[in-house]
1. Does ARG435 satisfy being among the basic types (Lys, Arg), at pLDDT below 85 and assigned to a helix (DSSP H, G or I)?
2. Among the residues that make up the stretch 73-80, is at least one of them open to solvent by 10 Å² or more (accessible area, probe 1.4 Å) and touching a residue at least 60 places away in the same chain (Cβ under 8 Å)?
3. Looking at (1) open to solvent by 20 Å² or more (accessible area, probe 1.4 Å); (2) part of a helix (DSSP H, G or I), find the lone condition where GLU93 falls short.
4. Would you mind telling me which numbered condition in (1) touching a helix residue (DSSP H, G or I) at 6+ places or on another chain (Cβ under 6 Å); (2) modelled with pLDDT under 85 MET324 fails?
5. Note down all Cβ pairs under 9 Å where the first residue falls in the stretch 101-130 and is open to solvent by less than 30 Å² (accessible area, probe 1.4 Å), the second is among the basic types (Lys, Arg), and they're at least six residues apart or on different chains.
6. Given the condition in contact with a strand residue (DSSP E or B) (Cβ under 9 Å, 6 or more places away or on another chain) and either of a type outside the set (Val, Ile, Thr) or within 18 Å of ARG23 (Cα to Cα) (or both), answer yes or no: does some residue in the stretch 136-149 qualify?
7. Looking at the stretch 176-216, which of its residues are β-branched (Val, Ile, Thr) and either touching a Phe, Trp or Tyr at 6+ places or on another chain (Cβ under 9 Å) or open to solvent by less than 80 Å² (accessible area, probe 1.4 Å) (or both)?
Amino acid sequence: MTPQSTPVSSSPAEPGAASGRKRFKTWHLSMMALGLAIGAGFFLGTGSAIHQAGPAVIVSYTVAAFIVVSVMLALAELASSLPTTGSFSSYAEAGIGRWAGFTIGWLYWVMLIMVSGLEVTGAATFFVGWFPDIPQWVVALVIVVVIGGINLLSAGQYGEIEAWLSMVKIVAIIAFLCVGVYLVARTAIVGPLPGHEGVWQNISGHNGFMPNGLSGIAVALLAVITSFGGLEIVTIAAAEAEDPRAAMSSAIRSVVTRILVFYVGSVILLIALLPWDSEAMKTNAFAAVLEMAGVPAVGTLMNVIIFMALISAFSANIYASSRMAYSLSARDMGPRWLLGAAASSKARARSVVEAALEDDEAVLASEMEGDIEAGRTPKRAVGLVVALALLAVLGNWYLPGSILTILINAIGMVLLIVWTFIIISLMRLHPSLERSGSLVIRMPGWPWLPWLVLAGLGGIGVLMLMSDEGRAQLVSMGALTLIIVAVYFVRQLLGARTKA
């Protein structure tokens, strides 16, 4: 199927396109990719998922990892060949239609704003637990101001800080894996520690490997699938790398292999060392394992790690949401004021077809105006996101529970919609990229793997219909999506009347 000839914006792909601009280095992007794979949800949600499905949760994680890795390989093929700040929004516009780029871009942006509010609230809660005399709103304000200021730095400076924040999480999970392997080996050779059971008893005891049946695996899958959210941000950042194509290739290779080790490896160790139905598994599984090994002050240590994970994720969300809003505005899908001062003295963006593609299949164009093209950080887009993050924090504290629940329920489903659009975009654009010879990373298993992933995503949607919580998410997401689609067509109608 031939993609539509719809020019969309992208950042300049060549190193040094913007004179004097400090861009992401390849190792920045690789570290960010790994850091984004290990969010606060990983530390807080893994034990909860195991508590729902029992040892059979490994099936949930295997299915989720297969889908997520496949989606990332699909996005890597697009992003390494056609780097753009709009990422999957730009690809959806080019491969599916302008309405799709608008819808998925703003839907993702809204999700990031809501998630940012939750992350700031969570981080402030942890901090107040250590220093109860400090008001929580003061902590939240300081976090937003400091992280917002970091996001106003150049891409290279921001990447350096975010890479080190990611390093904290990576070191923590590697240390946990080492401790876990030691405990499993000790249990197998010497016997279980006092007060604990053996590995085989933890796995096969307590009503067996699959104590809650297929329904338990399905419920856990719905929780697990959203914990992988955030990986797509690396493709947004790739457009501001010194060498976008090389950086994207390196980042994807590292994240695809290590995500399997970090996630699946951690789950195997947890179910081997702790009974799935224990209170420790449900509340703080990682801390319980470290406590078994005699790690001092393990509770405080885990809280510090989770706090850092929340801060890192909040910073990444500000970056991604500001770039997405910028890209949408550059493509006349948002307020052009967000492009910055450089855009005010120029006419509309000038389309320059990506040289790697055939003339009759124009897919991407360069951003020829605005802060990013001039080598600056899009300060107005960052400022807007920071202001809305503050409002989201207030909403977490003051909005009625029913309203907040509706907004939060929409978050999980947005990821499934984004991933679906990514796969469809690849299926539409792959023939053009292949004919042009511009493919840097190829999605393996073409053309059957994309269809298999779509079937998997559809299956998750069916599973969601079978649970009350899942249906609530579908309704919330559906309503939000329809609102954004309606906004698009209203804008188009008003624009047509203005031109007339």
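1. For ARG435, the condition - among the basic types (Lys, Arg), at pLDDT below 85 and assigned to a helix (DSSP H, G or I) - is met.
2. Yes, there is a match, as at least one residue in the stretch 73-80 is open to solvent by 10 Å² or more (accessible area, probe 1.4 Å) and touching a residue at least 60 places away in the same chain (Cβ under 8 Å).
3. (1)
4. Evaluating MET324 over (1) touching a helix residue (DSSP H, G or I) at 6+ places or on another chain (Cβ under 6 Å); (2) modelled with pLDDT under 85 leaves (2) as the failure.
5. Short answer, once both residue conditions are applied: GLY101/ARG331; PHE102/ARG331; PHE102/ARG491; GLY105/ARG331.
6. Taking every residue of the stretch 136-149 in turn, none turns out to be in contact with a strand residue (DSSP E or B) (Cβ under 9 Å, 6 or more places away or on another chain) and either of a type outside the set (Val, Ile, Thr) or within 18 Å of ARG23 (Cα to Cα) (or both).
7. VAL179, VAL184, THR187, VAL199, ILE203
Quick grid of which residues meet (1) hydroxyl-bearing (Ser, Thr, Tyr); (2) without any contact (Cβ under 8 Å) to a residue 40 or more places away in the chain; (3) open to solvent by less than 10 Å² (accessible area, probe 1.4 Å):
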| position | (1), (2), (3) |
| --- | --- |
| SER250 | yes, no, no |
| ILE271 | no, no, no |
| ASP277 | no, no, no |
| ALA297 | no, yes, no |
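The values are calculated or read from the model by the stated rules, or taken from the named source; none is laboratory data. Quantities reported herein were computed from a predicted structural model and do not represent experimental measurements. Please note: Cβ atoms are built from the backbone with ideal geometry, for glycine as well, and neighbour counts cover all protein chains shown. Quick note on the areas: whole protein, heavy atoms, side chains included, nothing else; ligands and nucleic acids left out. Shrake-Rupley method; radii C 1.70, N 1.55, O 1.52, S 1.80 Å.
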